[in-house]
1. Go through (1) within 19 Å of A:THR129 (Cβ to Cβ); (2) in contact (Cβ under 8 Å) with a residue 40 or more places away in the chain; (3) in contact with a helix residue (DSSP H, G or I) (Cβ under 6 Å, 6 or more places away or on another chain) one by one and return the number of the condition A:ALA32 breaks.
2. Here is a list of conditions, (1) touching a residue at least 60 places away in the same chain (Cβ under 8 Å); (2) open to solvent by 50 Å² or more (accessible area, probe 1.4 Å), and B:ARG137 meets all of them except one; can you say which number that is?
3. Among (1) touching a residue at least 12 places away in the same chain (Cβ under 8 Å); (2) open to solvent by less than 40 Å² (accessible area, probe 1.4 Å); (3) at positive phi, where does A:THR192 come up short?
4. So, B:ALA87, is that one within 14 Å of chain A (Cβ to nearest Cβ) and under 20 Å from B:ALA132 (Cβ atoms) or not?
5. Look through the stretch B:46-62, keep the residues that are within 14 Å of B:ASP27 (Cα to Cα) and hydrophobic (A, V, I, L, M, F, W, C), and return whichever of them is nearest to the other protein chains (Cβ to nearest Cβ).
6. Could you tell me whether the stretch A:42-49 includes any residue that is within 14 Å of A:GLY92 (Cα to Cα), at pLDDT 95 or above and open to solvent by less than 10 Å² (accessible area, probe 1.4 Å)?
7. Pairs only if they're at least six apart or on different chains, beta carbon under 6 angstrom, first in the stretch A:73-89 and at the interface with another protein chain (Cβ under 7 Å from one of its Cβ atoms), second not in a helix (DSSP H, G or I); list them, first residue then second.
8. Name the single residue, out of those in the stretch B:91-118 being in contact (Cβ under 8 Å) with a residue 40 or more places away in the chain and either open to solvent by less than 60 Å² (accessible area, probe 1.4 Å) or touching a Gly at 6+ places or on another chain (Cβ under 6 Å) (or both), that is nearest to A:GLY121 (Cα to Cα).
Amino acid sequence: MAVNSAELIEIINLIAHDIQENKDFLTELDSAIGDADHGINMSKGFKAVNEKISTMGDKDCGSILKTVGMTLVSTVGGASGPLYGTAFMRAGQAVGAKKELDFNDLPIILDAALEGIKMRGKAEKGEKTIIDALEPAVEVLKKSSPVDIKLMEEAVKAAKDGVEYTKGIIAKKGRASYLGERSIGHQDPGATSCYIMLAAVYKAIHDKNN
Amino acid sequence: MINIVKVKWGDALVGIVLVSHSKKMADGAKEIIEQVIRGKIKIEVAAGTSDNRLGTDVFLIEEKVMEVFDGDGVLIIPDLGSAVMSAEMAIESLEEPIKSKTQLADSPFFEGAISAAMEASFGKSLEEVKQAAENTRGMKKIA
């Protein structure tokens, strides 16, 4: 599997599409425990991303990912802006000037993204955040090498399990933390959007391979 | 242009940026603060998104910090959540000499903002202005 700059843009557009499709669902999740804007914010952000990267087919993968991050931090509005923004910017730094990515770049990209989110949000696993979906996926991708589509499928499954896990825990970060124990029983919108993005990437790569 | 009148307590000119999800809230806070500051310091609002939703915007914060910077520093007062993270990102992406002279106050939004603005209007240093904001953390309103 190799993904060039134009294909990377297609994958990001697919993420944007799936975020768009799940806009109401994400907002609904956020209205239960947060400020009811996650779907709208993410959709606004990725719409802007869509436009911004459409002409970047001749740029390197690092620049494309960094542009995604920069766009998110100025258009999302909510906490997911600086969090996902930092994630994409760190991912961009990690791949640098490469014009083509392969499976083995995946753990590097997602690990950089995870570290970025942890730094920005000062959060760890178990606090009902994006990290509860992303960290298990990164752990799977790092456990064996070379990375292949099977391992990627397993990583997406781990992210999905991570989303399920957020239902049973208390929110420690963001607006949901004001709810304390009352946040139990609800799945975290951030973990959910993270899973949606990972699943979109998997789908794109899977379809390309077949 | 704001007409800046230097007062005798100090010579520093620290600017203040109010970062909030809501432009209405930050504008309202600024309005109350201006009543006592009367143009002695530069205070700006970086609040809401460019399409008028509730939220914060890293680039807008950066722009406002540069606008109020007069050489002695800028204190950012964030409301909560993304305001804190966006402000941190804005500071990271600023260039020197502004970057190392821009700080984030860990304080209640309005009480911190008005105390900081008062202190800044006396010509106090960035550290003193920040301290004034953070001293409001446990402030009692009712005796």
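The values are calculated or read from the model by the stated rules, or taken from the named source; none is laboratory data. Small disclaimer: the values here were computed from a predicted structure and weren't measured. Note: ideal-geometry Cβ built from the backbone for every residue, glycine included; neighbour counts use all protein chains shown. Accessible surface is based on the protein model in full, side chains and every heavy atom, while ligands, DNA and RNA are left aside. Shrake-Rupley method; radii C 1.70, N 1.55, O 1.52, S 1.80 Å.
1. (3)
2. (1)
3. Status for A:THR192: all satisfied but (3).
4. yes
5. B:LEU54
6. Looking through the stretch A:42-49, none of the residues is within 14 Å of A:GLY92 (Cα to Cα), at pLDDT 95 or above and open to solvent by less than 10 Å² (accessible area, probe 1.4 Å).
7. From the stretch A:73-89, the pairs are A:SER74/B:ASP57; A:GLY77/B:THR49; A:GLY77/B:ARG53; A:GLY77/B:GLY55; A:GLY78/A:ASP37; A:GLY78/B:GLY55; A:ALA79/A:GLY174; A:ALA79/B:GLY81.
8. The selected residue is B:PHE109.
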